[in-house]
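The values are calculated or read from the model by the stated rules, or taken from the named source; none is laboratory data. The structure displayed is predicted, hence computed values, not measured ones. Neighbour counts are summed over all protein chains in view; Cβ atoms, including those assigned to glycine, are modelled from backbone coordinates with ideal geometry.
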Amino acid sequence: MARFFFALDLPKETKQALQTVQLACEPALPKPTKLTNLHLTLIFLGNVEPKKLYNLSAYANQLRQEITSTVPIIINHADVFKKPKVVFAGLHQVPQWLNTCHQRLLRKATGLGINVENQHFYPHITLSRKVIELPEYQRFDIKSAIESFSLYRSDSTPNGVHYTRVQLFKFNNTNQM
Ligand code: 3AM
């Protein structure tokens, strides 16, 4: 069954820097996220009827034009979510525009009758799943301009999860670094 989510797209240089972090983790990460799959989830939707997905995408297209300034994000530490056994890269601080994107997509999705979990939004980039031994806390400094977010479709395959971009939403007025 296809599942959908919105996520910030990370520039190639950011993904490469995160891959360096993945490789530096001690002990080695058991299931590192593939470079192409690295993303920052804005909202997970699960399985959604096509009509609702269409309406939400139309709203996302409006949203991307209304967010007129995306201050770069600073990814500066790796830490763990203990229960799902996930190692993630976290942000120095969460810019307002990022919270706005999450909240507005959440509100619209809920209004359309999409059953979204209203958990606390903790922006992060998953670096590995199925972590058995927790790696040491790491610090670094990756400054990343964000130019777009996308609607992704997530499919489970025998070779792991596969993400396919369904639609890209480019911000109108991206801050330059
Ligand atoms: O951004 P991360 O990697 O933390 O774990 C899934 C991934 O999160 C999460 O959605 C992102 C894109 O797949 N996800 C998958 N199933 C989920 C669920 N049922 C879920 N999040 C909440 N509820």
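Okay, here's what the table says:
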| item | result |
| --- | --- |
| Cβ pairs under 9 Å, 6+ apart, first in region 44-66 and over 12 Å from I114 (Cα atoms), second in a loop (DSSP other than H, G, I, E, B) | Y59/L112; R64/F171; R64/N172; Q65/F171; Q65/N172; E66/N172 |
| Matching residues in region 156-170 - criterion: being modelled with pLDDT under 95, within 18 Å of the chain's Cα centre (by Cα) and of a type outside the set (S, T, Y) | G160, V161, H162 |
| Hey, Y59 among the hydroxyl-bearing types (S, T, Y), away from the ligand (no atom under 14 Å from the Cβ), in contact with a helix residue (DSSP H, G or I) (Cβ under 7 Å, 6 or more places away or on another chain) and in a helix (DSSP H, G or I) or not | yes |
| Residues satisfying the stated conditions in region 108-149, i.e. surrounded by fewer than 13 Cβ atoms within 10 Å (Cβ to Cβ), more than 28 Å from A28 (Cα to Cα) and either within 18 Å of the chain's Cα centre (by Cα) or among the hydrophobic types (A, V, I, L, M, F, W, C) (or both) | E117, N118, Q119, H120 |
| Filtered residues of region 62-89 (kept if under 18 Å from L23 (Cβ atoms) and in contact with a Pro (Cβ under 8 Å, 6 or more places away or on another chain)) | A78, V80, V87 |
| Test for T68: is it in a loop (DSSP other than H, G, I, E, B), away from the ligand (no atom under 12 Å from the Cβ) and hydroxyl-bearing (S, T, Y) | yes |
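Here's the yes/no breakdown for (1) surrounded by fewer than 15 Cβ atoms within 10 Å (Cβ to Cβ); (2) under 14 Å from the mean Cα position of the chain (by Cα); (3) among the polar types (S, T, N, Q); (4) within 16 Å of Y152 (Cβ to Cβ):
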| residue | (1), (2), (3), (4) |
| --- | --- |
| D9 | no, yes, no, yes |
| T20 | yes, no, yes, no |
| A24 | yes, no, no, no |
| L45 | no, yes, no, yes |
| N76 | no, no, yes, no |
| C101 | no, yes, no, yes |
